[in-house]
Amino acid sequence: MELNERAEGVKSREDLIKFINHLRRDLQANKAECENITLENYLEAMEAWMNDMEGFYLNTNQPVPKQPSWKTFADILYASSMYE
């Protein structure tokens, strides 16, 4: 299962913990393909994506979260791994 599919399935704290585990293992296995491997780059991408996240939800026909959910956190973590 792809990481984006795993992020879609996050509904609980336990799901988010499992997702973070998969995200970490993906980074270990595919470091050369990852865009933001340093903490500084990852946090910079997180900040940028969160500033633009409304567009992501609108472009993917999803409701824009008014309050973050466990899935919202998964979306943020996943997007931050590759957002430029």
DSSP-assigned coil residues among GluC sites (Glu not before Pro) in the range 1-73, each with at most 15 further Cβ atoms within 10 Å: Glu2, Glu35
Candidates Asn41, Asn61, Asn21: whichever shows maximal mean-square fluctuation once the chain is modelled as a Gaussian network with Cα springs under 10 Å: Asn61
Sites matching trypsin sites (Lys or Arg not before Pro) across the range 1-40 that sit in DSSP coil, with at most 16 neighbouring C-beta atoms within 10 Å: Lys11
Once the Cα gyration tensor of the range 1-49 is diagonalised, semi-axes √(5λ) in Å: 20, 14, 9
The chain: most fluctuating residue of Leu43, Leu58, Leu23 per GNM, C-alpha cutoff 10 Å: Leu58
Under 21 Å, Cα to Cα: Lys pairs in the chain, sequence gap 8 or more or different chains: 4
Dipole of the chain, positive end: most advanced residue of Ser69, Phe56, Asn36 [Cβ charges, Cα centre]: Ser69
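Every read-out reported here was derived from the displayed coordinates using simple, explicitly stated rules and does not represent laboratory data. Small disclaimer: the values here were computed from a predicted structure and weren't measured. Backbone-built Cβ (ideal geometry, glycine too); neighbour counts: all protein chains shown.
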